[in-house]
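Below is one structure; the comments refer to it alone.
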Amino acid sequence: MQVPVLILIIAAFGSAALLVAVISDILSATLKRYEEEVLKGAEMTFDQIYLNIPARQLMYVAFVLFVLFTAIATLLFGSIMVGLVVGLLAFAMPRLLAVLLRRRRNRRFGYQLVDALMNTSNALRSGFSLPQSFELIQREMDAPICQEFRLLNQETRVGVPMETALEHFSARMPSEDLDLVVTAILVSQEVGGSLAEVMDNIARTIRERHTIEGKIKALTSQGRLQAIILCMVPFALAFAINELNPGLFYPMLHSLVGWALLGVVGVLELFGILIVRKIVSIQV
């Protein structure tokens with residue numbers, strides 16, 4: 001009887017070891033794939049905002065913030081689930097900050113593009129060639145547009161055709177206005193015509209669109225503020241109840257039903273944010 005029992009024990013340990021090995025391989029492959037995607041996206045973001053920071057350091061900072069904020073939130077609220085939620089939010093903050101910096105740079109580039117078009121038009125009327133007018137923008141204007149035109153000019157200096165350099169320029173800066181400018185330049189070089197007048201018309205169109213977008217943003221600011229306040233109310237109310245009467249809020253943090261309700265609240269909050277964002281987002 002001892003031999004079959006020993007065989008069963010060995011088989012059980014072997015099965016458990018095999019299961020652990022399979023799960024470990026799956027988790028390792030998943031983590032490696034996630035790390036590659038995060039590093040690739042972070043490197044592209046850093047390249048676009050001209051930050052000389054290794055992308056791997058972003059993950060290290062994110063993991064440190066995750067551990068730190070998870071421990072702090074767990075000690076403050078006395079619940080590991082709340083700590084994990086806060087830790088996950090902290091884990092996403094570095095990458096979110098990089099994305100916000102990229103959007104800010106792209107927005108500033110869009111506003112500078114109007115002045116760049118006007119400078120290009122004036123330079124062309126003064127007898128400058130198109131590459132010379134781009135050199136003027138590189139020298140006279142501020143970042144980020146001078147950085148992008150510097151790359152454009154460097155490509156043309158080493159022998160890259162102007163059409164290819166403009167396509168690279170458009171690929172680096174995802175902007176509908178820039179796509180319109182690049183298309184206009186390429187068409188003008190093929191069929192001829194006054195490129196200065198084309199630049200003036202495009203600049204006027206972009207300026208009018210920015211004016212309309214500003215008016216829409218002002219008119220919808222109240223709706224966005226209401227959405228922010230409504231989204232903050234449940235969290236502020238939960239914090240106030242937990243501080244005033246911890247026993248009343250205790251089941252929400254230490255029971256499966258409470259965690260489920262918090263999850264439902266989070267999902268409803270997310271849906272509310274998406275709906276309000278859809279309402280106030282008006283494309284011009």
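Numerical summary
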{"quantity": "Extended-chain gain in nm, criterion 0.36 nm per residue less alpha-carbon gap, Q132 and A71", "calculated": "16.2 nm"}
{"quantity": "Whole-Å semi-axes of the range 97-151's equivalent ellipsoid (Cα gyration tensor)", "calculated": "25, 10, 6"}
{"quantity": "Sequence-separation-based contact order of the range 111-218, relative, with Cα cut under 8 Å and 6+ spacing, percent", "calculated": "34"}
{"quantity": "Net charge dipole size for the range 111-218 [Lys, Arg +1 and Asp, Glu -1 on Cβ; Debye, nearest 20]", "calculated": "240"}
{"quantity": "Compactness relative to 2.2 N^0.38 Å, alpha carbon Rg of the range 111-218", "calculated": "1.05"}
{"quantity": "About the Cα centre, charge dipole magnitude for the range 195-253 (Lys/Arg +1, Asp/Glu -1 at Cβ), debye", "calculated": "120"}
{"quantity": "Per-residue HN-Hα couplings for the range 168-174 [Karplus 6.51, -1.76, 1.60; θ = phi - 60°; Hz; x = Gly/Pro]", "calculated": "5, 4, 5, 6, 6, 10, x"}
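Quick note: the coordinates plus some simple rules give every number you see, no bench work behind them. Not measured: the values here are computed from a predicted model. Cβ: placed from backbone, ideal geometry, glycine included. Neighbour counts: every protein chain shown.
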